[in-house]
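Colleague: Take a look at the following structure, please.
The values are calculated or read from the model by the stated rules, or taken from the named source; none is laboratory data. The structure displayed is predicted, hence computed values, not measured ones. For neighbour counting, all protein chains shown are included, and Cβ atoms are generated from backbone atoms with ideal geometry for every residue, glycine included.
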Amino acid sequence: MARPESKLKELKSAELRHEPGARRDLVVTLNRRSAPRLIAYGDDFMYEKLPVGTRVIYPPPPLEPLADPDAAIRYALLRPENADPLFAQLNPNMRVTIAIDDISLPLPQMRRPDIRERALNIVLQTLADYGVDDVHLIVATSLHRRMTEAEIRRMVGERAFKQFWPERLYNFDGENRAELVMLGKSDHGEEVWLSRRAAESDLLLYLNINLVPMDGGHKSVAVGLAPYQSLRHHHNPATLRQCSSYMDPTRSALHHSANRMGRVVNQHVNVFTIETAINNQMYGGMLDFLQKNEDRFSDWDRMRLGGFRWTLGNMSDSLRRQVLNQYAAPYAMTGVWAGETDAVHRKALARVFQQYAVPVKGQSDVLIVGVPYICPYNVNSVMNPVLVQCTGLGYLFNMFRGKPLVRAGGTVIVCHPLRDEFHPEHHPSYIEFFHRCLRETTDASELERNFEAEFARNPTYIHMYRYGHAYHGVHPFYMWYWGEPARQHVGRVIAAGCEEPEVATRMGWEAADTLDEAIAMATSDLGRSASITYLHLPPLVIADVE
Amino acid sequence: MSVYAAKPTPPRSGRNLRGRPRACAFYDLDGTLASLNLLHATAFYLANLGRWSARGGYLARLVLDLPRLYLAERDDRRLLNMKLFEAYKGVSRDRLWELGDEYCERVLVRHLYPRAIEMLEGNRAAGIEPVLVTGSPDFLVEPLARRLNVEHFAANRLVYSRGLATGRMREPVMAGSEKSAWCAEFAAARRIDLAACWGYADSYYDLPFLCALGHPVAVNPDRRLLAAAHNRQWPVVRFSHDAESSGQDAASGAWLLDWLGGAADGATGK
């Protein structure tokens, strides 16, 4: 049986367009005549002229989507990697659990049908065909907030929702001690805890979306269905400091730890992984200019940009947030694989890098990143300062393989208004973390030592996590630790366009009113010899730094 | 200072036994820990007075007073408390305290939010001592405090004359800023930093009380408190009886049956 992709007529040319060599034009050096550049700036965009000589790295164009995603999913289930086909593993008396990635992926949410809905419908039909009735669907939230009923319905689709909600389709609860079980310890002494239902199932299917190379693999089960007792082994400053890049799993201590724990899971549980990859078609239709090189803007693009910015600028903050959160990206599936976790993940990773990787020569003194309105932890919520830190230093700084885009001791300019603004029902512990803990110290190890256990065990935060829609009490610590490799590497962080300088100061950053001012501050020591790189988002790009 | 000590009981195993607690959690009662309010309690009491004729008179007066109580609630919580407590005028102290136990056992305990009590116990296990700060009368709060193993509470107290309630309240009346003043005094006497203390309340009238504490939490907040909580970035917690077998009934109409049942028992001298 041939893979469905081979039926695509244009596949060959599409692949050629994504050869690394063909991507040299994605790195643009600005001159005097270059147009201003669009830079994500919270729930708005900056449109700024950058200094001559600035290097702008653009994301590659979207990969061709699969012509028939449903056929590709069926093919993957029939021809899995290093495993028997799904149907061959089924019998009517078995207990099956399907775990699904939560709302943190993809970003922004994708247009319906969500990939998870497509895959679930096919998997559930297969299970039904083979008489498997004891099926539970668990949203693998780990310590993320519980998804709401409406969010789950949108994600899994009407069919699965009507059949399983709420008794057999629910969020994972990392604080329900009765429903957790310890499977053992890894060879590094890491405690491996898992959802009891998943652990006691005859077959555990994990259905994932790989938005970036950080996702998927053993991290899906060993993190998504695990409580604090497991996560503390790798979500800590010491481990994260040893990560070269979160986007390069081969050089990430976080992933090494998750892999060790995942292998312990696989020794106890029959895990059948289904991984999917999507292209980077984040904006389409009237907003497709957001993904273009500004030098190639047509008059129509400039008109749409003006109209877009005018509209955003004339909305109230809450309306603007609501409108942006409603936006659904036209992502399309570029690959799906099923079977044994490691084998599946290897193939998925290759496709993800094929989408995002851009070769870049050398590091620079200054890196400019724009933090958008959304990150994995504020879907339908507020981008608070701790999350800005996590997105800027944790995610965008890490968008590299090889070496960081900025040299050791260099400067990162983070474009964001940086307001002292939180969602009290989604991020209650973040508020205390920011106002109490960060006031005392910004040192990740001290924060871990002095405060982490208190927050992790706080009954109010636990209640809000279990029964409300709050992130776990310990979550802001993880977000802070996430920025640890960047904090160790760079000399300065400057918030450009910062509206509340005290917020920047609280996080150990400097504040600048404008991007020009931030660039002047960053290059004050080096003068005109300073090299500047701007990582152009949206959509996403990973720099292969030579 | 109005500190009331419930009957001492041995500490539970999860309790911080290493001396003085490092922080307190101050809980409002009505609407916060329990899905009842003071009007329910007053109706229960008046329906369980010794004589049938007295019950009718007291209850009729309470019903006639409802518009006045509504206006008082709209203006000021303290005023509401004072007006409501006038309903007890002429009731004997013995009867009030005796019924307090019964009300607690038959009604109040059943209407406590299980997850609120879970949180209270969780806080206690984390070394945060629970304290009740409520506008309910002491004869209701004392039995509950005893059952919850809460050593300290602040509640409203009636003035008695020759063993009968006068319908007036002793100062300080626990409402609004009086609650925060009491908490400040309580914490100062124990050298506890209020900034480290938690406060749980459901009403906008509790805003001064919540503002005085380092960790305010809005519980099942009314519209105005919810707005204030969002504005001030306070955590918002929602308790319900949904997860229980008793379901929503317990939170809505079942209280009526409870105290009517209690009234029938009262007539037989229970």
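Colleague: Identify the single condition in (1) among the aliphatic types (A, V, I, L, M); (2) closer than 20 Å to B:L99 by Cα; (3) crowded, with 24+ Cβ neighbours inside 10 Å that B:L148 does not satisfy, given that it satisfies every other one.
Modeller: (3)
Here's the yes/no breakdown for (1) modelled with pLDDT of 95 or more; (2) assigned to a loop (DSSP other than H, G, I, E, B); (3) of a type outside the set (S, T, Y):
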| site | (1), (2), (3) |
| --- | --- |
| A:Q163 | yes, no, yes |
| A:Y206 | yes, no, no |
| A:I209 | yes, no, yes |
| A:D215 | yes, yes, yes |
| A:S230 | yes, no, no |
| A:H233 | yes, yes, yes |
| A:N259 | yes, no, yes |
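Colleague: Still on this structure, I have one more. Which residue out of B:G163, B:G167, B:G176 is on the phi > 0 side of the Ramachandran plot, modelled with pLDDT under 90, away from chain A (no Cβ under 14 Å) and under 15 Å from the mean Cα position of the chain (by Cα)?
Modeller: Numbers: B:G163 fails: under 15 Å from the mean Cα position of the chain (by Cα); B:G167 fails: under 15 Å from the mean Cα position of the chain (by Cα).
Answer to the selection: B:G176.
Colleague: Okay, next question. Are there any pairs, at least 6 apart or on different chains, whose C-beta atoms fall under 9 Å, with the first in segment B:122-137 and touching a residue at least 60 places away in the same chain (Cβ under 8 Å) and facing chain A (nearest Cβ under 9 Å) and the second of a type in the set (S, T, N, Q) and part of a helix (DSSP H, G or I), and if so, which?
Modeller: Every condition considered, the pairs that remain are B:N123/A:T460.
Colleague: So, in segment B:95-142, of the ones that are hydroxyl-bearing (S, T, Y) and either at pLDDT 90 or above or part of a strand (DSSP E or B) (or both), which residue ends up farthest from the chain's Cα centre (by Cα)?
Modeller: This residue is B:Y113.
Colleague: Being in contact with a His (Cβ under 9 Å, 6 or more places away or on another chain) and closer than 22 Å to A:D173 by Cβ is the filter; apply it to segment A:232-251 and report the residue that is surrounded by the most Cβ atoms within 10 Å (Cβ to Cβ).
Modeller: A:H234
Colleague: Name the residue, out of B:L84, B:L99, B:L71, that is away from chain A (no Cβ under 14 Å), crowded, with 17+ Cβ neighbours inside 10 Å, closer than 22 Å to B:D206 by Cβ and not β-branched (V, I, T).
Modeller: B:L84
Colleague: Shifting gears a bit: Criterion first (farther than 22 Å from A:R111 by Cα and either outside the structural domain of A:G370 (by TED's automatic domain parsing) or at pLDDT 95 or above (or both)) does A:N325 satisfy it?
Modeller: No, not satisfied.
Colleague: With respect to A:I532, determine if the residue is surrounded by 15 or more Cβ atoms within 10 Å (Cβ to Cβ) and closer than 29 Å to A:N236 by Cα.
Modeller: Judged against the criteria, A:I532 is not a match.
Colleague: Could I ask something else about it? In the set A:V156, A:V132, which member is at pLDDT 95 or above and either closer than 24 Å to A:I462 by Cα or not in a loop (DSSP other than H, G, I, E, B) (or both)? I'd like the intermediate steps shown before the answer.
Modeller: Values: A:V132 fails: either closer than 24 Å to A:I462 by Cα or not in a loop (DSSP other than H, G, I, E, B) (or both).
Result of the check over A:V156, A:V132: A:V156.
Colleague: In this structure, is A:R401 in contact with a Lys or Arg (Cβ under 9 Å, 6 or more places away or on another chain) and either more than 24 Å from A:A496 (Cα to Cα) or not assigned by TED's automatic domain parsing to the domain that holds A:V212 (or both)?
Modeller: Yes, satisfied.
Colleague: Just to check your reading of the model, which residue among A:T441, A:T514 is surrounded by fewer than 22 Cβ atoms within 10 Å (Cβ to Cβ), in contact with a strand residue (DSSP E or B) (Cβ under 8 Å, 6 or more places away or on another chain), farther than 25 Å from A:I103 by Cα and at pLDDT 95 or above?
Modeller: Sole residue among the options that is surrounded by fewer than 22 Cβ atoms within 10 Å (Cβ to Cβ), in contact with a strand residue (DSSP E or B) (Cβ under 8 Å, 6 or more places away or on another chain), farther than 25 Å from A:I103 by Cα and at pLDDT 95 or above: A:T514.
Colleague: Got a number for residues in segment A:58-71 being in contact (Cβ under 8 Å) with a residue 60 or more places away in the chain and over 12 Å from A:P539 (Cβ atoms)?
Modeller: Total satisfying the criteria: 7.
Colleague: Could you count how many residues in segment B:179-210 are among the basic types (K, R) and under 18 Å from the mean Cα position of the chain (by Cα)?
Modeller: 1
Colleague: Still on this structure: Against the conditions (1) farther than 30 Å from A:A76 by Cβ; (2) buried (at least 16 other Cβ atoms within 10 Å of the Cβ); (3) touching a helix residue (DSSP H, G or I) at 6+ places or on another chain (Cβ under 8 Å), where does A:D301 fall short? Just the number, please.
Modeller: Result: A:D301 fails condition (2) only.
Colleague: Same structure, new question: Provide a single number: the residues in segment A:370-423 that are crowded, with 24+ Cβ neighbours inside 10 Å, of a type in the set (S, T, N, Q) and touching a residue at least 24 places away in the same chain (Cβ under 8 Å).
Modeller: Of the residues in segment A:370-423, 5 are crowded, with 24+ Cβ neighbours inside 10 Å, of a type in the set (S, T, N, Q) and touching a residue at least 24 places away in the same chain (Cβ under 8 Å).
Colleague: Then there's this: Which numbered condition in (1) modelled with pLDDT under 95; (2) on the phi < 0 side of the Ramachandran plot is the only one that A:P404 fails?
Modeller: Against the list (1) modelled with pLDDT under 95; (2) on the phi < 0 side of the Ramachandran plot, A:P404 comes up short only on (1).
Colleague: If you take the residues of segment B:194-243 that are assigned to a loop (DSSP other than H, G, I, E, B), of a type outside the set (G, A, S) and more than 12 Å from chain A (Cβ to nearest Cβ), which of them is nearest to B:A23 (Cα to Cα)?
Modeller: Ranking the qualifying residues of segment B:194-243, first place goes to B:C197.
Colleague: Here is a follow-up. Which ones in segment A:166-201 are within 17 Å of A:R263 (Cβ to Cβ), part of a helix (DSSP H, G or I) and touching a helix residue (DSSP H, G or I) at 6+ places or on another chain (Cβ under 7 Å)?
Modeller: Answer for segment A:166-201, where residues must be within 17 Å of A:R263 (Cβ to Cβ), part of a helix (DSSP H, G or I) and touching a helix residue (DSSP H, G or I) at 6+ places or on another chain (Cβ under 7 Å): just A:A199.
Colleague: Going by the conditions given, is A:A35 assigned to a loop (DSSP other than H, G, I, E, B), touching a helix residue (DSSP H, G or I) at 6+ places or on another chain (Cβ under 9 Å) and either charged (D, E, K, R) or not assigned by TED's automatic domain parsing to the domain that holds A:L418 (or both)?
Modeller: no
Colleague: Further question: For segment A:453-474, give me the residue count where each residue is surrounded by fewer than 23 Cβ atoms within 10 Å (Cβ to Cβ) and farther than 13 Å from B:R115 by Cα.
Modeller: 6
Colleague: Moving on to the next point. Only one of (1) crowded, with 24+ Cβ neighbours inside 10 Å; (2) aliphatic (A, V, I, L, M); (3) touching a His at 6+ places or on another chain (Cβ under 9 Å) is not met by A:L254, so which one is it?
Modeller: A:L254 satisfies all of (1) crowded, with 24+ Cβ neighbours inside 10 Å; (2) aliphatic (A, V, I, L, M); (3) touching a His at 6+ places or on another chain (Cβ under 9 Å) except (1).
Colleague: Any chance you could count how many residues in segment A:60-95 are part of a loop (DSSP other than H, G, I, E, B) and touching a helix residue (DSSP H, G or I) at 6+ places or on another chain (Cβ under 7 Å)?
Modeller: 11
Colleague: Could you please find all residues in segment A:76-105 being at pLDDT below 95 and within 19 Å of A:A338 (Cβ to Cβ)?
Modeller: If the condition is that a residue be at pLDDT below 95 and within 19 Å of A:A338 (Cβ to Cβ), then A:L105 is the only one that fits.
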